[in-house]
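Read through the structure below, which is laid out as structure tokens, and then see the notes.
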Amino acid sequence: MSSPVFLQTDTITDLEQFYNLLLELFKDPDEKQEVDELLVWWNRQIFPTYSTAQHTPMRNSALARIRERRAHIKTTINTLDAN
């Protein structure tokens, strides 16, 4: 049986648990090398011209804004912790 979309109500597989387990695996420092290799392989499958070179996000891109907000939050937390 196959489903065209992921649903929380799927009675065959607990997709939410599967998703969370994948996130844990990706964050596990002991799995970093294998995760990095998997991501390179995956990106090459989806984007055949994929390059592992690091790209600086454009100044107003969503990624740049997320990083800016994260840096602001860390600064705020560090300031509060110091007081």
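Compactness check for the range 8-52: Cα Rg over 2.2 N^0.38 Å is 1.45. For the range 67-74, the Karplus equation 6.51 cos²θ - 1.76 cosθ + 1.60, evaluated at θ = phi - 60°, returns couplings of 5, 5, 5, 4, 4, 5, 4, 4 Hz by residue, with Gly and Pro reported as x.
The string of couplings for the range 18-29 from the Karplus curve (6.51, -1.76, 1.60, θ = phi - 60°) is 4, 4, 5, 5, 4, 4, 4, 4, 5, 8, 5, x Hz, one whole number per residue in order, with x for Gly and Pro.
Placing R0 at 30 angstrom, the Cβ-Cβ distance between Leu39 and Thr76 gives a FRET efficiency of 0.45 after rounding to 0.05. Dividing the Cα radius of gyration of the range 19-83 by its Kirkwood radius returns 1.10 for Rg/Rh. Counting charges near Asp36 (Lys, Arg +1; Asp, Glu -1) among other residues having Cβ under 15 Å from its Cβ returns a value of -2.
All of the numbers you see were taken from the coordinates with simple rules; none came from a lab. Quantities reported herein were computed from a predicted structural model and do not represent experimental measurements. Quick reminder, even Gly has a Cβ in these numbers, built from the backbone with ideal geometry, and neighbours come from all protein chains shown.
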